[in-house]
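Reading through the structure tokens given below for one structure.
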Amino acid sequence: MFKSTPVSTQVDGSGVTVGALDLARGIEAVYGGRGDSRGLTGLLRSATVLCPLVDDEPLVAESGSIRWIYAFTDEAALARFAVARGAGDRPWDFARVEGHRLLDVAVPALGGPGGVAVNVGSPAPMPFPAMGTLGTLSSRAAVAR
């Protein structure tokens, strides 16, 4: 699904990918009550994020009937996720993926309701449900969930 080459690494670094710092700052601003949630999808689309891989496919979780592709703005956020899952002591394969490819290609390929879950396990996680897969859900309602 991804053209990025997986890199095996201990996820305890702090590497930040292109546009991901803006995305992380935008999410933190929304959590702090000083950001505009309507711009977050645009920030995700322009960011390169880290997606953990299992058998060369993105790690996906299901909550209810919605499938979520995990994505992280930096290696530190991915490391927090790994530790929370009890797997912080082993290498994780991940791909650097452009956010627009996640939203336009990977999420529709899930074959049903889905989205991108950014920085799960961090103090400021953010779901990005795909509007087309969840019906007519406003951006404001999607961020509030």
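Quick note: the coordinates plus some simple rules give every number you see, no bench work behind them. On a predicted model such as this, the values are computed, not experimentally measured, just so you know. Note that we place each Cβ from the backbone using ideal geometry, even for glycine, and neighbour counts take in every protein chain shown.
Two-decimal Rg/Rh of the stretch 34-112 from alpha-carbon positions, Kirkwood Rh?
0.98
Which of the trypsin sites (Lys or Arg not before Pro) across the stretch 26-69 are loop residues per DSSP, with 12 or fewer other Cβ within 10 Å?
Arg34
7 Å from Cα along Cα→Cβ at both Asp55 and Asp104: what's the point-to-point distance in nm?
In this crude label model, Asp55 to Asp104 measures out at 2.9 nm.
Pop the C-beta distance of Ala87 and Ala124 into the FRET formula with R0 = 25 Å and round what comes out to the nearest 0.05.
The calculated FRET efficiency here is 0.70.
Using +1 on the beta carbon of Lys and Arg, -1 on that of Asp and Glu, and nothing else charged, what's the dipole of the stretch 29-111 about the Cα centre, debye to 20?
I would put it at about 360 debye.
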